[in-house]
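A short write-up of the structure that comes next.
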Amino acid sequence: MSGQILVVDDEPGIRELLSEILTDEGYDISLAENAGAARSLRHKARPDLVLLDIWMPDTDGITLLKEWAGNGQLTMPVVMMSGHGTIDTAVEATRLGAADFLEKPIALHKLLSTIKRVLKPGEARAQPSMSLAGLGRGALIQHLKEQLSRIANLKTPVLLLAEPGSGARICARFLQPANSNWVELDDTSRLVDAPLDLLQQARDGVLYIPEVANLGKLAQKGLALALERAEKYNVRVVCVSSDDLSRCAAEGEFDSRLYYALGALTIRVPSLREHREDIPDIAAYMLAQLVEANQLPPRRFGTAALNALRNADWPGNLPQLDNIVHTLLMTADADEISAEAVQHALRPLAPRASPPAAVEVAIELPLREARDAFERSYFERLIALEDGNMSRVAEHAGVERTHLYRKLKQLGIKPGKKVDP
C-alpha cells in the first residue's frame, strides 16, 4: 500500500491507534489534534486522503469540510468519523463532498476496505470538479442551495431550467444520494429502445437527462415510461432544459403531459452573468483547485484582475470561466495575476467588429423546420469562421461541448468539418 493519509481527531488514543494500524498497512500518516492543525498539515502535505472527526473542540469536522469545499481545497477524498453520528449527519457530510462516513468504534475491516475503495494508490489524482459550494455565496445562489436542500431527500422528478454551463449538472449531483448510481443520457436512442434498462442502471440513484427539449417524439415517450416506473427502481429523474418547455409544449414540439409531469418541481439555475458578485469567489475557487490538483506554485488574483473577470461577459458560463482561469494559471509570470493578463486572455473572446450577416427566414416552413434550418446555417457559418475549432465554436455559441456535439448530430453536421459560408 502507499499514499499519504491525514488523521484528524481530538482523542490522542484514536490518533495513535489509527497511526499504528495504517502505518503497518504501508501508508504515510500525519496526525492533527484539531481543525487548526489540520489546515496547516493539509496545506503543507497535500494528503491523498483525510480521516476527519466530526466532533472537535475548535471547529467541528462538518464546518471544516464546508470550508475546504467552499475554497477549492477539497481535492482529496475525505472520510468522516464520529462516535455520535446519525444518518442525517452522514447524509449532510456526503452531500458536502465527503467520500464516506465511519462510525466509531471503527471496525478494522471496515476502515481498511473504505480506505482501499476511496484511495487508489498509484493512480494519478483526478481533476476535481466544481461542487455546489463553489458556485458562490450571493443571494441567488443561496436561494438555489436552499431550494435544492429542501428537495434533496425526495424522489420527485426535477426539471432544472438553465443555460448551458450554468451549473445544472452540479445541482443534479447534489441531489444524488451518497455512493449511489449516476446515469447520464448520452444517446437519446437509449430512451427509445430500452428506457427500463436505463432505470436498472440507475437503480437507487439518479438518471440525468441533459437538454430534454431536444428529445424527439419517440424519446419523449420513453422518458414518460421511465417517469412512470422510476419509483419501482428507486430512481430520481433529473432533467435539464435551456429552452422554454412551456413554449415547446404549446407549439406541439414537446408532449404536454410529459411537460406537466416534469414541471411539477422546477428549479431555475441562474446564469453566471446573473450573479456577477460571485465571479471573484468562483474564479478563486477554480484557481485553488487547479493549483492543488496539479501541484503547481500558488497563484492569486489581484483586486483589479477580479474586477475585470466580474465585468466580462460570460456567454459560455462556468466552462468558459474555467477555461480562462486555467489559461491565466498556466501563463502567469508572477504570483499575482494582473488585470492586464485577464484582459489579454479575454481578448480572443471579444465580439468581432464585423456586422452579422443577414439571415433569410424561410417563412414557408413550419416553425420547427425553420428553426432547424436557421440553426444549421448558424453552426455551419460558425464552424467555418472558427476554422473547425470546436472549442472556440462552443465558446462563441455559449454552449457546453457535449451539448454542441448533440446539436450538430441532430442537425446532420459533422463536428469540425469546415463549411464554406
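The values are calculated or read from the model by the stated rules, or taken from the named source; none is laboratory data. Small disclaimer: the values here were computed from a predicted structure and weren't measured. Heads up, the Cβs are rebuilt from the backbone with ideal geometry, glycines too, and the neighbour counts pull from every protein chain shown. Quick note on the areas: whole protein, heavy atoms, side chains included, nothing else; ligands and nucleic acids left out. Shrake-Rupley method; radii C 1.70, N 1.55, O 1.52, S 1.80 Å.
Report the residue count in the range 22-55 for those that are more than 28 Å from the chain's Cα centre (by Cα), within 19 Å of Ala99 (Cβ to Cβ) and of a type in the set (A, V, I, L, M).
Looking only at that region, the number is 3.
Which helices (runs of 4 or more DSSP H) does the range 366-419 wholly contain that include 3 or more residues that are open to solvent by 20 Å² or more (accessible area, probe 1.4 Å) and in contact with a Leu (Cβ under 7 Å, 6 or more places away or on another chain)?
The helices (runs of 4 or more DSSP H) meeting that bar are 367-385, 390-397.
May I ask you to list the residues in the range 165-205 that are in contact with a Pro (Cβ under 8 Å, 6 or more places away or on another chain) and crowded, with 18+ Cβ neighbours inside 10 Å?
Gly165, Ser166, Ala168, Arg169, Leu185, Gly205
Taking the range 174-205 only, how many residues are under 27 Å from Leu318 (Cα atoms) and without any contact (Cβ under 8 Å) to a residue 12 or more places away in the chain?
Number satisfying all stated conditions: 1.
Can you tell me which condition Ala224 does not meet? The list is (1) closer than 25 Å to Asp372 by Cα; (2) buried (at least 23 other Cβ atoms within 10 Å of the Cβ); (3) at pLDDT 95 or above, and all the others hold.
Result: Ala224 fails condition (2) only.
For the range 214-255, which residues satisfy the criterion of being hydroxyl-bearing (Ser, Thr, Tyr) and either touching a Cys at 6+ places or on another chain (Cβ under 8 Å) or assigned to a strand (DSSP E or B) (or both)?
Ser241
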